[in-house]
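First the structure, in the form of structure tokens, and then the observations on it.
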Amino acid sequence: MSSPASALLSFYRSLTRHRLFALLNIGGLALGIAVFLVLFLYVRFETGYDRSIPGADKLYIVQERYFTPGYPKEANPYTMGAFLERLRGDYPNLTGTRFWPMNAIVHQGSTVTDEQLAAVDPNFFALLSFPSIGGSPVKALASPDAAVITQQIARKYFGTQPAVGRSLPITIDGKTFTYRVAAVIADMPADFSYSSDIFVPIVRARFANEWFDHWGSTSLTTFLRFPDRTAASAFEGELGRFAERHVFPDGNIKRGMWQQSLRPLVDNHLYDPADRAAVATLGIVGALTLLIAIVNYVNLATARAGLRAREVAVRKVLGGTRGALLRQFMLEAVATVALAALIGLAIAELSLPLINALGGMTLAITYFGARSILPPLIAMVLVVGAIAGIYPAIVLARFRPAAVLASSRAPGGGRAGARLRAALVVGQFAIAIAFGISTATMLAQAAHVRAADLGFKRESLFILTKFAWVDDDQQAGVLRAFAALPGVADVTSAQNAPGDQMMTNTSNVYRAGLDESRGRSTMDVVVGDAYFPTVGGRLIAGRLFDAAHPADDIALRQRGSKAPYHVVINRTAAADLGFASPAAAVGQALDGNGTMMIVGVVDDLRFRGPREPISAVEYRYSSKPFSSPYAMVRYSGDPAAFRVAAEATWKRTAAAVPFEGRTVEENLYRRYYRTDTQRANLFTLGAVLAVLIGCIGLYGLAAFDTARRIKEIGIRKTLGASTADVLRLLIGQFMRPVVLANLIAWPVAFVAMRRWLGGFDDRIALSPLYFLGVALIAVVIATATIFAQAWRVARAEPARALRYE
Amino acid sequence: MIQLQDVSRTYASDEVETTALGGIDLHVERAEFVAIMGPSGCGKSTLLNILGTIDRPSGGKYLFEGDDVAHAPEAELARLRRDRLGFVFQSFNLIDELTIAENVALGLAYRSMPAREKKERVAAAMDRVGIAHRQRHHPHQLSGGQQQRAAIARAIVGAPRLILADEPTGNLDTANGAQVMEILRQLNAEGATIVMVTHSPAHADIAKRTVHMLDGRILASARLAA
């Protein structure tokens, strides 16, 4: 009677005979496995960035860290344009390559389309290998006019015709070149950090700008190739010595304020500890949700053990050994988990499109090839089956036949079993409550980010993101055309926009007359007409720029003039520079980026994400075109209608540049909110399902426990207990674990959420209401889960209950 | 004290309807000690359950101290059981998870009175039946006789006016059975009304009146000379 076939038959019968238990058991496990699978896919996607590309493991990104007050301490994965060339001068055997994303417009007849283009060194495809569709990408970029394109671009511009050898006119940063397609590669994977659709060789004469040889500028990404991490970290010392020889003597960067180091390409995607922590957290959510489902299995299986005691006794009487019984019950557990895994896989498959849409992701389950889900799935079935099965199997196999057969009572696993079940329920609820508090906090923070005062009016503000590509002499015309649109109140151009900034200039600014070591790193932003009125910024001291004051306008400055130019600074700059109040800053002189005079102070404009601290800013006004501008339009009415009008206006006035425009909400979401929203959604999904699975377990346990106590309830009712007394007893018994779970969950959630919120500069306070609210919800959910069972038993006629065995 | 008029009880299952009691008329006076005898399945326990309001009659009238309880709401019945009834079962029906003292205290659990008074009454009830020395034990650690005495202590701790005993000696040996009967006799002598189901003619003799049942009906009611 111990063959696997017989065991499986007995398993099948126990499923069909106890349908409710089978449903709860397998349903809970399947949901847990589905959550685990989805989060597993997410974590694998996030941690697998760049790793699948041959050669990526040997590449190291040169990153730079600045040590100046007020400047972010994080390392930037960018270098000066010519850094690799300079480095090769001292280290001729060094292998490296560069990646430089460019603004590109592809011409096809009279239509213009912007495409993702990167200028790279010709050896880029020798160091990173991508499947070739036509031509040889490794050799392709030897000629300055050669381009490597992806299959998608080839299809878009050349249809089914072979693309290699065809020509493609492309405008890069305002200059038009005709490139010849030298190779076509497969579309780049979504998890490659440096993907692009068109690649052209870096040609100094074509692309080098004023910053290309400027130490301290951060234009492009430089990769160096080393055989392993030891060699790479050894070379970091060389970078320091190179800086001593060439960078510091140049004078632009001071010793001690700047350091280069190497970042493995494969570590790049989650280099920020906050990102790593977020992804790890989602992995933990997946694992804990699965754990809750496993706990359900253990609880229900041991609680039900009594019902199967007789089967165990009879099998033992017939000569079944403990080992054989253990094997049978373990096999049952693995079979249950396998069944649940299949259902869970189906749930995951069905819900993936929705989850992808929810978070703008591209997660997919693959069954064949290197990323097949099957090996991890099978491993999970075995591991989870073993974890879920071992304890119930031991409990069941331990029953003594004589005692079981002689007794009219069903053993319930004893006091230890009951205590273990109670402890497991406490654990489940602790996890669920901690999830609940975290979800509440994340949702509240997300709502805050969407609604917080950013220092400007985020609604009804439209950004023309490709304004910088418009020829300087056409820019004023574009602005005038937009200003003339009905419903448009104001129009401006500036070097920054909410969610966008192409070029960030920072200098060490200090109060005139003080030592420059007292300075703060201050961002320099050039703005056009009506900047503050258009974005809706608030003046808090002094005045805004005014065309009536010629000294406000840097475009009117005489070349070589020593007169201070007028700046408006933000509240943070006023505080950072040590002014007693914003008003005290007005009329004061600054130094460090030329001499400046403060004419006004505005409230901080949070144009970047909620995680980034607001930096000190000095605004300069120019009435003439300046570099890297965005245009912004303050409109009224329906955003969709305005977009249509905006596109038409753009096409009429700036036909050479493809139209691209977004509302501020869209732009901020795309750039700063999306990742957090994605993760918060995934977290919420996992947390809600974890709570649901916990409730399934609680329901099963309550069903079992009330059934076991029917007779006791009969006795109590006989002694005069009313229905309410019995309800209190049954529900109260499950409230104790819930209360205990709160005691465990609160400190854990408090610490975790404080750390999580710590990653935001603009954040909510961690309110005790989230804790109390979630505890209350937990109590209500737990009560609702067990109420039906308790009500039925509490209402039953005592005489019937007393007959119950 | 108790008046049953034409009380019947039928059980309906999916296929058949069985009559457990059919047209019972029974009158029990205050401070009476009534034994109910009859073969297995004659309806003795059903009758006792109806008397104890833990089962409802399908028809007829049940007056307890003048109140109609056959149709009283559940909450009122719970109060009645709590304040005026005491139960003793053949299988003791002690709760395994609780100690003897806690089981006895269960008889007062649903009444509001000062904790100190509860404690005193529990102690007195345990003394009365001679199990005070086992109060910290759990039921399965006691002999059958001791368990039944604990069950009696639980039944009397609330000073009920009516004690219902369903084969209280059925699971006990002769000596223990005699001990239990002696306790019941004393309680009756002190004024408690007792209705007891029994198979033992000897124990029925201790009661003042014996009611004989067969197939859900009362055959005869014989009053013993005191």
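Throughout, read-outs are computed from the coordinates displayed, never taken from laboratory work. Not measured: the values here are computed from a predicted model. Because the Cβ atoms are built from the backbone with ideal geometry, glycine has one as well, and the counts that use them run over all protein chains shown.
A few comments on the model shown:
- For the pair the range A:96-132 / the range A:464-523, the C-alpha centres are spaced 28 Å from each other.
- Shape call, the range A:9-48: gyration tensor on alpha carbons, a/c limit 1.5: prolate
- 19 Å tail of the calculated P(r), the range A:430-481, as % of Cα pairs: 60 percent
- Degrees separating the helix B:115-129 axis from the principal Cα axis of chain B, which is the longest one: 80 degrees
- For the range A:756-762, Karplus couplings with θ = phi - 60° (6.51, -1.76, 1.60), whole Hz, Gly/Pro x: 5, 5, x, x, 9, 7, 9
- Pairwise label distance in nanometres, A:E660 with A:V779, each label 7 Å out on the Cα-Cβ vector: 5.4 nm
- If both residues of a DSSP beta bridge must be in chain A, then about 75% of such bridges are antiparallel.
- Seen against the Cα atoms of chain A and their longest principal axis, helix A:472-483 is set at about 60 degrees.
- q = 0.11, 0.14, 0.19, 0.22 Å⁻¹: log10 I(q)/I(0) that the Debye formula gives for the range B:123-226, counting C-alpha atoms only: -0.36, -0.57, -0.98, -1.23
- Surrounding net charge for A:I463, when Lys and Arg each add one and Asp and Glu each subtract one, Cβ distance under 12 Å: +3
- With the simple model of a label 7 Å out from the Cα in the direction of the Cβ, A:T178 to A:R86 spans 3.8 nm.
- Listed residue pairs exceeding 30 Å between alpha carbons, taken from B:K61/B:K208; A:K175/A:K562; A:K711/B:K119; A:K624/A:K651: A:K175/A:K562
- With neighbour counts taken as other beta-carbon atoms within 10 Å, the residues A:W650, A:W469 rank, fewest first, as A:W469, A:W650.
- The simple Förster model, with R0 at 35 Å and r as the Cβ-Cβ distance, assigns A:S628 and A:A548 a FRET efficiency of 0.80.
- q = 0.05, 0.06, 0.07 Å⁻¹: log10 I(q)/I(0) that the Debye formula gives for the protein assembly as shown, counting C-alpha atoms only: -0.53, -0.68, -0.80
- Helix A:322-359 vs. chain A, principal-axis angle (Cα, 0 to 90°, nearest 10): 30 degrees
- Overall shape of the range B:83-155 was characterised from the C-alpha gyration tensor. The equivalent ellipsoid obtained from it has semi-axes of 18, 13, 11 Å, in decreasing order.
- Fully extending the segment from A:L514 to A:R310, taken as 0.36 nm per residue of separation minus the present Cα-Cα distance, adds 64.4 nm.
- Paramagnetic reach from B:R136 (point 7 Å along Cα→Cβ, amide N under 20 Å) across the range B:98-112: B:98-106
- Prolate/oblate/rounded call for the range A:513-591, Cα gyration tensor, a/c under 1.5 rounded: oblate
- Considering only the Cα atoms of chain B, their convex hull presents on average a projected area of 12.8 nm².
- Stretchable slack from A:R538 to A:S143, in nm (0.36 nm times residue separation minus alpha-carbon distance): 136.9 nm
- Put a plus charge on the Cβ of each Lys and Arg, a minus charge on the Cβ of each Asp and Glu, and nothing anywhere else: the dipole of the protein assembly as shown about its Cα centre is then about 2600 debye.
- Applying a DSSP loop filter and a limit of 15 other Cβ atoms within 10 Å to the trypsin sites (Lys or Arg not before Pro) in the range A:255-329 leaves A:R255.
- Inter-part distance where the range A:589-605 and the range B:130-150 are each reduced to a Cα centre, Å: 90 Å
- Size of charge dipole - the range A:461-669 - debye, nearest 20, with Cβ of Lys, Arg +1 and Asp, Glu -1, no other charges: 100 debye
- For the protein assembly as shown, with +1 on Lys and Arg beta carbons and -1 on Asp and Glu, the positive-most of A:A788, B:Q179, A:L84 along the dipole: B:Q179
- With the simple spin-label model, which puts each label point 7 Å out from Cα in the Cβ direction, the A:L342 to B:K61 separation comes to 6.6 nm.
- Förster radius 56 Å - calculated FRET efficiency between A:E459 and B:T18, Cβ distance, rounded to 0.05: 0.15
- For A:K58, the aspartates and glutamates whose Cα falls under 16 Å of its own Cα, not counting residues fewer than eight places away in the same chain, are A:D50, A:D228, A:E236, A:D267.
- Contact order relative to length of chain A, as percent, for alpha carbon pairs under 8 angstrom and 6 or more apart: 16 percent
- Between the amide H of A:I185 and those of A:I133, A:I149, A:T150, A:Q151, distances stay under 5 Å, these residues lying 5 or more places away or on another chain, with hydrogens modeled in the peptide plane.
- Projected onto its three principal axes, the C-alpha set of the range A:461-669 covers 52, 39, 26 Å, listed from the longest axis down.
- Distance from the range A:769-805 to the range A:698-763 (C-alpha centre basis), Å: 10 Å
- Amide N of the range A:644-683 lying under 11 Å from the label point, which is placed 7 angstrom from the Cα of A:D638 along Cα→Cβ: A:644
- Calculated log₁₀ intensity ratio I(q)/I(0) where the Debye formula runs over C-alpha points of the range A:718-787, q = 0.18, 0.19 Å⁻¹: -0.77, -0.81
- Taking amide H as placed 1.01 Å from N in the peptide plane, A:A616 has its amide H under 5 Å from the amide H of A:M523, each at least 5 places away in sequence or on another chain.
- Shape call, the range A:92-186: gyration tensor on alpha carbons, a/c limit 1.5: oblate
- Calculated on the Cα set of the range A:9-145, radius of gyration then Dmax: 26.2, 80 Å.
- Exposure proxy order (Cβ contacts within 10 Å, fewest to most) of A:L41, B:L94, B:L219: B:L219, A:L41, B:L94
- With the cut-off at under 16 Å, measuring from each backbone N in the range A:334-354 to a point 7 Å along the Cα-to-Cβ line of A:V688 picks out A:348, A:351-354.
- On the basis of the beta-carbon distance and an R0 of 56 Å, A:V317 and A:R155 show a calculated FRET efficiency of 0.15.
- Dimensionless Rg ratio for the range A:59-268, taking C-alpha atoms and the 2.2 N^0.38 Å reference: 1.09
- Extension gain (nm, one decimal) between A:R17 and A:S110, 0.36 nm per residue minus Cα-Cα: 26.2 nm
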